[in-house]
Amino acid sequence: MIRSRLVELSLICCTAVWMPNVAHAGLLAGSQLQFTGNAQFNLTSTTWSCNLPGDTVCSAPPANTGDSAIAGSTGSFAQYNATFGLIKNINAAAQPLNQPFSLPNFITFELNNDITIELTFIPLGTDSLSLTCAGLTNCTPQSGALLTPSDPNGTSAFNLDTDTTGTKLTFGISGTAHQLGGATSNISGTFSAEFLSQNPQQALASMQGGSAAAYRANLSLPGSLTTAPEPASLVLSGIGLVGLVLVRMWRTDSTRACRVGTHADARFPLMRITSRECGTKRRFRPQRTTAPVKNNFSSAGSP
């Protein structure tokens with residue numbers, strides 16, 4: 001009895017420890033990822049520079065990859081502040097605009113691989129469409145090289161908007177954040193760059209000419225998350241719950257056997273059933289009850 005109670009208590013404790021892992025799974029709602037770097041923005045591709053001071057990875061840059069400096073991030077991404085990240089180049093042929101795709105490990109972190117970001121979608125720009133942006137203060141450039149069924153007008157991802165210092169380039173992305181324990185969440189945000197003292201037409205010419213620009217990115221997880229449970233924790237929790245059920249069934253069955261054993265069998269009036277070690281071992285031993293023998297001989301008639 002004591003041993004079964006200890007087993008049950010252990011299973012309850014283990015289940016209580018595992019269950020929070022299933023519920024929380026590591027990603028924090030509303031987490032912000034902020035980073036900066038340099039890039040060449042072209043209508044059909046974006047090439048990230050790997051040239052930030054202090055980043056030793058860029059002494060031998062990974063193919064088709066740039067680096068970024070992370071600062072001001074919050075929540076799940078706060079661990080990466082004051083460190084560097086890596087970001088893969090984008091090409092409209094492999095990552096077409098305005099339709100789903102998958103670019104795994106689009107953003108990774110040099111500190112650890114706890115979180116990676118998969119790029120899955122790049123929307124079209126929303127300003128006035130133009131091939132040259134001439135005379136426009138808000139322009140989304142077009143290009144025949146971008147024509148696809150999902151982009152029939154050849155619309156680029158960029159908005160070029162006049163501001164107080166020149167022209168600001170912006171474009172949006174969305175994807176999936178993957179946490180090492182198995183949790184996932186949608187992530188979305190914008191990249192922006194400033195072309196100083198240039199109007200949109202001039203900024204477009206700089207882009208097409210291959211000029212690099214400093215950029216800033218701000219990505220965020222949604223305000224409320226529905227995260228997938230960690231597979232390992234889910235399995236362990238299931239094992240714990242099954243164990244609890246089996247222990248309960250075994251104890252109930254043992255108690256039932258003991259109750260049956262306490263009743264005499266009416267078919268055999270001279271027999272009774274008794275149990276030994278009730279609740280731990282279901283062993284029953286029939287015992288014969290010997291009826292007293294009546295003495296038919298009186299002491300006087302004794303030979």
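Read the figures in this text as sums done on the coordinates, not as results from a lab. A quick note: this is a predicted structure, and the numbers were derived from the prediction, not measured. Every residue, glycine as well, gets a Cβ built from its backbone with ideal geometry; the counts of neighbours run over all protein chains shown.
Structure summary
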{"read-out": "Shape parameters for the range 47-126, alpha-carbon atoms, Rg then Dmax in Å", "value": "13.6, 38"}
{"read-out": "Shape of the range 20-171, Cα gyration tensor, a/c cut at 1.5", "value": "prolate"}
{"read-out": "Percent antiparallel among DSSP beta bridges (both partners in the range 32-220, rounded to 5)", "value": "95"}
{"read-out": "Whether the range 85-175 is rounded, prolate or oblate, judged on the alpha carbon gyration tensor where a/c under 1.5 counts as rounded", "value": "oblate"}
{"read-out": "Spin-label pair Gln202/Thr190, simplified geometry with 7 Å Cα→Cβ offset, distance in nm", "value": "2.3"}
